[in-house]
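Undergrad: Sending over a structure as structure tokens; questions will come in a sec.
Please treat every number below as a calculation from the coordinates, not as lab data. Note that the structure is predicted; figures quoted are calculated from it, not measured. As a convention, Cβ positions derive from the backbone with ideal geometry for all residues, glycine included, and neighbour counts pool all protein chains shown.
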Amino acid sequence: MVAEPVALAWGARQKRIITYGVDVSPSITFLPTGGSFFKYALGQVSNTGAEPPYTHEITVAPSLRLPSITILEHRIGEQSHGFRYSGCLVESFEASWEADGPLECTAEFAARRMELVSQLPQAPQQLGQPYKASHAQIILDGQSYPLAAGGSISLSNNHVALPRGADGYVQGHVASSIDIEASLRIYYTSPDLVALMLGGEVFEVQIRFVRAEGDTLEFRLLGCVASVEAPLSAEDTPVQEVSLKAEDIKIVAVDGQPSY
């Protein structure tokens, strides 16, 4: 609820609450089983291939209006109901994984409106299995780093809300410049990553999840610079924290789905 307390004009100690409308910002956390959702985070997708496996290249859309999605939340109980969030745009997105765990995604949305619903459709069955950290291959500046303890990739579309309509809801959102960051925890085996930081090098990072032949999900971070922390430890295996800032991002999924 967007509201503001305003002092009464006749000098009483009470304040009146003036309401302007409602801002709607749903969020979901899920385990991706394919790459189709990422087109909503970046904005555009190109599908290629006449037969399986098909390749889907997802890139940052030049348009300031990204594709929207409707989210229907089920609340099951004695009186089942749900909430429908319409006109949802991905405001921020994070994909993360830990050693021996699954790839997990969290999306924060900027929605136009919400409404209570009582008719709930049957939820579809899950298609495929989640990606796992054991599937991950990390390549920085052309060099492979198979020993990784985990990591995350995040982006923000920095939407700006349009003015409110008569119903109190915003009339939409416009995307601004995108921010792209990543963090990797890599076992320290050489000074190469520290040297990249000291030299101010710009390089490419590939994080690829391989479930099977012809079944991959790859994050490509372009124009990266690195900040590296490499603490010494007398007890644990040395792990370096690599923080990345990127100019651009591309996600390439290969699977049996003809198009996203």
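Undergrad: For the range 126-142, which positions are of a type in the set (Gly, Ala, Ser) and assigned to a strand (DSSP E or B)?
TA: Result: ALA136, single match.
Undergrad: Taking the stated definitions as given, is ARG75 free of Cβ contacts under 8 Å to residues at least 60 places away in the same chain, under 18 Å from VAL24 (Cβ atoms) and basic (Lys, Arg)?
TA: Taking the combined requirement at face value, the residue satisfies it.
Undergrad: Please work out which residue is nearest to SER92 (Cα to Cα), limiting yourself to the range 29-55 and to residues that are β-branched (Val, Ile, Thr) and loosely packed, with under 14 Cβ neighbours inside 10 Å.
TA: Taking the range 29-55 as the starting set, the residues that turn out to be β-branched (Val, Ile, Thr) are 29, 33, 45, 48, 55.
Imposing the further condition that a residue be loosely packed, with under 14 Cβ neighbours inside 10 Å reduces the set to 29, 48.
On the way: THR29: 12, THR48: 27 Å.
Within the range 29-55, the match that is nearest to SER92 (Cα to Cα) is THR29.
Undergrad: Further question on the same structure: Got a number for residues in the range 15-29 being in a strand (DSSP E or B) and either without any contact (Cβ under 8 Å) to a residue 12 or more places away in the chain or of a type in the set (D, E, K, R) (or both)? Before you say what the answer is, go through the steps one by one.
TA: At the first step, the residues of the range 15-29 found to be in a strand (DSSP E or B) are 15-21, 24, 27-29.
This time we only want the ones that are either without any contact (Cβ under 8 Å) to a residue 12 or more places away in the chain or of a type in the set (D, E, K, R) (or both), so: 15-16.
Within the range 15-29, residues that are in a strand (DSSP E or B) and either without any contact (Cβ under 8 Å) to a residue 12 or more places away in the chain or of a type in the set (D, E, K, R) (or both) number 2.
Undergrad: Another question, if that's okay. Looking only at the range 70-93, which residues are surrounded by 19 or more Cβ atoms within 10 Å (Cβ to Cβ) and acidic (Asp, Glu)?
TA: Residue satisfying the conditions is GLU91 alone.
Undergrad: If you don't mind, another one. Could you tell me which residue of the range 172-202 is surrounded by the fewest Cβ atoms within 10 Å (Cβ to Cβ), considering only residues that are assigned to a strand (DSSP E or B) and among the charged types (D, E, K, R)?
TA: ASP179
Undergrad: Also, I was wondering about something else. Within the range 228-246, how many residues turn out to be among the hydroxyl-bearing types (Ser, Thr, Tyr) and exposed (fewer than 14 other Cβ atoms within 10 Å of the Cβ)? Before you say what the answer is, go through the steps one by one.
TA: The first filter runs over the range 228-246 and keeps only residues among the hydroxyl-bearing types (Ser, Thr, Tyr), leaving 233, 237, 243.
Okay, now just the ones that are also exposed (fewer than 14 other Cβ atoms within 10 Å of the Cβ), so 233, 237.
Count: 2.
Undergrad: When you check ARG112 against the structure, is it more than 14 Å from the chain's Cα centre (by Cα), buried (at least 17 other Cβ atoms within 10 Å of the Cβ) and among the charged types (D, E, K, R), yes or no?
TA: Answer is yes for this residue.
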